[in-house]
1. Are any residues in the range A:125-135 within 9 Å of another protein chain (Cβ to nearest Cβ), open to solvent by 40 Å² or more (accessible area, probe 1.4 Å) and in a helix (DSSP H, G or I), and if so, which ones?
2. Could you tell me how many of the residues in the range B:12-50 are assigned to a strand (DSSP E or B) and open to solvent by less than 30 Å² (accessible area, probe 1.4 Å)?
3. When the range B:90-104 is examined, which residues are found to be more than 8 Å from every other protein chain (Cβ to nearest Cβ) and not polar (S, T, N, Q)?
4. Quick check on the range A:207-217. Is at least one of its residues farther than 30 Å from B:LEU91 by Cβ, of a type in the set (Lys, Arg), assigned to a helix (DSSP H, G or I) and out of contact with any strand residue (DSSP E or B) (no Cβ under 7 Å at 6 or more places or on another chain)?
5. Just need a number here: residues in the range B:17-28 that are in contact with an Asp or Glu (Cβ under 9 Å, 6 or more places away or on another chain) and within 12 Å of B:CYS46 (Cα to Cα).
6. From the list A:GLU122, A:GLU114, which residue is within 12 Å of chain B (Cβ to nearest Cβ) and not in a loop (DSSP other than H, G, I, E, B)?
7. Do the conditions hold for A:GLY79, that is, is it without any contact (Cβ under 8 Å) to a residue 40 or more places away in the chain, in a helix (DSSP H, G or I), within 14 Å of chain B (Cβ to nearest Cβ) and out of contact with any strand residue (DSSP E or B) (no Cβ under 9 Å at 6 or more places or on another chain)?
8. Tell me which helices (runs of 4 or more DSSP H) are completely within the range B:68-141 and hold 3 or more residues being surrounded by fewer than 20 Cβ atoms within 10 Å (Cβ to Cβ) and without any contact (Cβ under 8 Å) to a residue 60 or more places away in the chain, or say none if there are none.
Amino acid sequence: MSERLWNILLDSFWKIFLPGLKVTIPLTVISFSIALVIATAMAMVQFANIKGLRQIARFYIWIFRGTPLLVQLFVVFYGLPRAGILIDPFPAAVLVFSLNEGAYSAETMRAALEAVPAGQLEAGYCVGMSYLQIMRRIILPQAMRTAFPPLSNSLIAMVKDTSLAANITVTEMFMVTQRIVARTHEPLALYIEVGLIYLLFSTVLTKLQGIGEKKLSTYQKKGE
Amino acid sequence: MLEIKGLKKAFGSLEVLKGVDLKVNQGDVVAILGPSGSGKTTMLRCVNFLEHADGGSLIFDGKEYPFHNISKKDIAAIRQKTAFVFQNYNLFLNKTALHNVTEGLIIGRKMPKTRAEEKARAALEKVGMLDRADYYPHQLSGGQQQRVAIARALATDPEIIYFDEPTSALDPELTGEVLGVMRQLAKEGMTMLVVTHEMGFARNVSNKVVFMENGVVVEEGPSKEFFANPREERTRTFLQNIEQHYE
């Protein structure tokens, strides 16, 4: 490897890594947290079969699962200004990523809620608890345990998907890399470098998933 | 203290309960017997509103409530005074034995935590499970789980405990420990309504037997009389079949 290329890689590492910490991670964490709230709400109205709200949840999931993430980003960032709605790049990205992920995670949460044995709810009623109390203290904690691995999966996917935000001028890792490539003409080395940085983030999350699963498994049999 | 009048329930076109009448007095231990599909379990589930009955009414503590038209508030109030023990225990899987018992006290009845834990420990001690207070359900055997479930029922000081085939999911070896606890409760005067296949329990512990088939009560009476002198032909066949089974 030539000394020039080595210097470019070394020099660009921090230039890419820093927006990773400052933009990619916050974008992922904020969007995913909002997505979890949306997902839990959407899953619960379906689980409880609340008329009207259930249909709204199905409609929302249908739209956001059925259209490409990139198209959603373009509609919000380049399209909505036509209707007089201007949103800055970062909040626009947060909005789209939360709504998109919320639709997918809603299905994960719904499946997890439905996997909790029906007897848990009945037992809750019989000891004098209300529906909401049983949801909060018995059903949701158990569903969370079931949903944790697939949700971790979604989180890791989202870290990588945030690279799409480059298309709506969010200066995250991938956009910074593209700029450095334009200046240095070293696409192979630099795109591999940014790929490795994404891999680093994903690896950390995978490790955290392992720790999280262990913590949550106190009340479960091994292998369940 | 509890009376069921004309209880009716259908699942689609299948009539499971065709007008069941039943009376339970304070301190009664009533065993409900009958072949599979006779509606015993459905009846018990309707009485605690786990199934929505189509007709009939429940008289509880002197007040009459129509099954098909009872408010959520009344249901909640009645459930505060009753307890249910399930065939497959239904312990809260994410709670330890102790917290399975305290949950209904702290959350359902707003009891202070220290008081609730005191009561829970006393209830666990009674069923011989105090040394397993910090175990999760999956760490306990079926018999132990069912005893915790009974402690959970007891701790709420219910006026009546409903048992839905409490030993049917257990190994024969483990039924003894659960029946032992129930026998103890009966001795102490707890009012119990027990759907069971345990003839020994019906004969020796319960003071009253109700025999159901095809959604109706075929025969009922004091246990001794029921076993010594069944009036109905169908009851005699049922008892004969069971005796053959045990010989």
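The values are calculated or read from the model by the stated rules, or taken from the named source; none is laboratory data. All figures in this text were calculated on a predicted structure; none of them were measured in a lab. Cβ: placed from backbone, ideal geometry, glycine included. Neighbour counts: every protein chain shown. These accessible areas exclude ligands, DNA and RNA; they are computed on the full protein's heavy atoms, side chains included. Shrake-Rupley method; radii C 1.70, N 1.55, O 1.52, S 1.80 Å.
1. Across the range A:125-135, the qualifying residue is only A:TYR125.
2. From the range B:12-50, those assigned to a strand (DSSP E or B) are B:14-24, B:29-33; that's our starting set.
With the extra rule that they be open to solvent by less than 30 Å² (accessible area, probe 1.4 Å), the set shrinks to B:16-17, B:19-20, B:22, B:24, B:29-33.
Residues in the range B:12-50 being assigned to a strand (DSSP E or B) and open to solvent by less than 30 Å² (accessible area, probe 1.4 Å): 11 in total.
3. Residues satisfying the conditions are B:ALA97, B:LEU98, B:HIS99, B:VAL101.
4. The initial filter retains those residues of the range A:207-217 that are farther than 30 Å from B:LEU91 by Cβ, namely A:207-208.
Filter once more, keeping what is of a type in the set (Lys, Arg): A:207.
Narrowing the set further to residues that are assigned to a helix (DSSP H, G or I) leaves A:207.
Add one more test, that the residue is out of contact with any strand residue (DSSP E or B) (no Cβ under 7 Å at 6 or more places or on another chain), and what stays is A:207.
So far as the range A:207-217 goes, yes, one or more of its residues are farther than 30 Å from B:LEU91 by Cβ, of a type in the set (Lys, Arg), assigned to a helix (DSSP H, G or I) and out of contact with any strand residue (DSSP E or B) (no Cβ under 7 Å at 6 or more places or on another chain).
5. Final tally of qualifying residues: 1.
6. A:GLU122
7. No; evaluated as a whole, the condition is false for this residue.
8. Numbers: elements: B:72-80, B:97-106, B:113-126.
Output list reads B:72-80, B:113-126.
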